[in-house]
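**Student:** The structure under discussion is supplied below as structure tokens; questions concerning it will follow.
A short reminder: the numbers here are calculations on the coordinates, not readings from a lab. The structure displayed is predicted, hence computed values, not measured ones. Heads up, the Cβs are rebuilt from the backbone with ideal geometry, glycines too, and the neighbour counts pull from every protein chain shown.
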Amino acid sequence: MSVETPDLTRKRDPMPVLRALAVQQIPLTLAVPYKGLVLEQTLQPRSFSAHGVYFPPPKPQLCAAIYQTAYLHSRFLPATVRGHVQWLMEEGCTLHLTGLRFLAAPWRPRRESRVQPEGSFPVTVWVDRLPFQALMTNLSVHGVGLLFDSLVETPPAGLAAGLRMDVTLQLASQHRITVAGEVIHAHCREEHLWQVGARLFPTLEQERWLDLYVAERRVAIFTELEQRARELREVGQSLGLYF
């Protein structure tokens, strides 16, 4: 099956594509990032407005994770669609995505689970045997997100793709590991903040520690979502809404 789509090099409005898929009753996958994880649910668009698309209420865990931004993807979409979240409580908690636009590339499922740490997570980054302080923003078994603040300390020189480094992580109260890595991308988010993504090359023993940390954080994050979902259900029942 194929779907005719507009030439995205000339027109970046995803609405004609979404309408065409809806006419053919092709569902879309709603993806919501939450603390490093990505929660997904397949939904059929309910209707369209001049500014966006309406969906029936997602499952409670996904409702609990939605904040401001959500993504739509499908193998029939030429690229991932990003939208801003609005709730219509008077319509039984209908999800309304507005401000829709195509991103640069199709959706690519993650190969590994990624999680954000609980609270501030300082790490030490070693470049040419010199230590630099950073905050860990997310972690997987073979990747790490780092944030350098030049107001705290000057970041490493040559902070760009290809830079080799070692990262020291305190994964447990009594266990610290230093993992080899390489910068994949580095962006200056503000004048003093550098956001860095690095690939990690752990040993087998380090992989076990990293996998354990990621698994424990996943459990903690899903437990938090379950609690928020219960609270949403209680609010919805008191207001006569469906979640």
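**Student:** Calculate the FRET efficiency for Glu191 and His84 from the Cβ-Cβ distance with a Förster distance of 35 Å, rounded to the nearest 0.05. Write out the running numbers ahead of the final one.
**Tutor:** Details: r = 27 Å, r/R0 = 0.77.
Taking R0 as 35 Å, the efficiency between Glu191 and His84 is 0.85.
**Student:** What's the angle, to the nearest 10 degrees (0 to 90), between helix 204-239's Cα axis and the longest principal axis of the chain?
**Tutor:** 30 degrees
**Student:** Using DSSP to call loops (not H, G, I, E or B), can you name the GluC sites (Glu not before Pro) in the stretch 138-211 whose Cβ has at most 11 other Cβ atoms within 10 angstrom?
**Tutor:** Working: sites: Glu153, Glu182, Glu190, Glu191, Glu205, Glu207; in loops: Glu153, Glu190, Glu191.
When the GluC sites (Glu not before Pro) of the stretch 138-211 are filtered for loop state and at most 11 Cβ neighbours within 10 Å, Glu190, Glu191 remain.
**Student:** Trypsin sites (Lys or Arg not before Pro), restricted to the stretch 67-147: which are DSSP loop and have at most 16 other Cβ atoms within 10 Å?
**Tutor:** Details: sites: Arg75, Arg82, Arg101, Arg110, Arg111, Arg114, Arg129; in loops: Arg75, Arg110, Arg111, Arg114, Arg129.
Those satisfying the criteria are Arg75, Arg110, Arg111, Arg129.
**Student:** With Kirkwood's inverse mean 1/r over C-alpha pairs for Rh, give me the Rg to Rh ratio of the stretch 18-121, two decimals please.
**Tutor:** On the way: Rg = 14.0 Å, Rh = 14.4 Å.
Expressed as Rg/Rh, it is 0.97.
**Student:** Percent of alpha carbon pairs in the chain separated by more than 29 Å? Show your work: numbers first, answer last.
**Tutor:** Details: 12796 of 29403 pairs.
The calculated P(r) of the chain puts 44 percent of pairs beyond 29 Å.
**Student:** Only counting other Cβ atoms within 10 Å, I'd like Cys63, Cys188 sorted with the fewest neighbours first.
**Tutor:** Cys188, Cys63
**Student:** Rounded to the nearest 0.05, what FRET efficiency do Arg129 and Phe222 have when you use their Cβ-Cβ distance and R0 = 45 Å?
**Tutor:** Values: r = 40 Å, r/R0 = 0.88.
After rounding to 0.05, the efficiency reads 0.70.
**Student:** What's the percent breakdown of Cα-Cα distances in the stretch 160-222 across 5 Å bins, shortest bin first?
**Tutor:** Answer for the stretch 160-222: a P(r) of 4, 16, 19, 20, 19, 15, 7, 1 percent.
**Student:** Rank the residues Ser140, Ser47, Ser120, Ser150 as a footprinting-exposure proxy: fewest other Cβ atoms within 10 Å of their Cβ go first.
**Tutor:** Fewest-to-most Cβ neighbours within 10 Å comes out as Ser120, Ser47, Ser150, Ser140.
**Student:** Same structure, new question: FRET efficiency for Ala172 and Glu40, Cβ-Cβ distance as r, R0 = 30 Å, nearest 0.05? Write out the running numbers ahead of the final one.
**Tutor:** On the way: r = 31 Å, r/R0 = 1.02.
Efficiency at R0 = 30 Å is approximately 0.45.
**Student:** Enumerate the amide H contacts of Trp107 below 5 Å, restricted to partners 5 or more residues apart or on another chain; note that Pro and chain-start residues carry no placed amide H.
**Tutor:** Placed amide hydrogens put Ser74, Thr80 under 5 Å from Trp107.
**Student:** Still on this structure, I have one more. When the dipole is taken about the Cα centre of the chain, and only Lys, Arg (+1) and Asp, Glu (-1) are charged at their Cβ, what size is it in debye, to the nearest 20? Spell out each step's value before the answer.
**Tutor:** Details: 25 positive and 23 negative charges, 134 e Å.
It comes to approximately 640 debye.
**Student:** Follow-up. Compute the length gained on full extension between Ala105 and Thr29: take 0.36 nm times their separation in residues and subtract their Cα-Cα distance, giving the result in nm to one decimal.
**Tutor:** 25.8 nm
**Student:** Rg over Rh of the stretch 126-243, using C-alpha atoms and the Kirkwood radius, what does it come to?
**Tutor:** Values: Rg = 18.7 Å, Rh = 16.4 Å.
Result for the stretch 126-243 is an Rg/Rh of 1.14.
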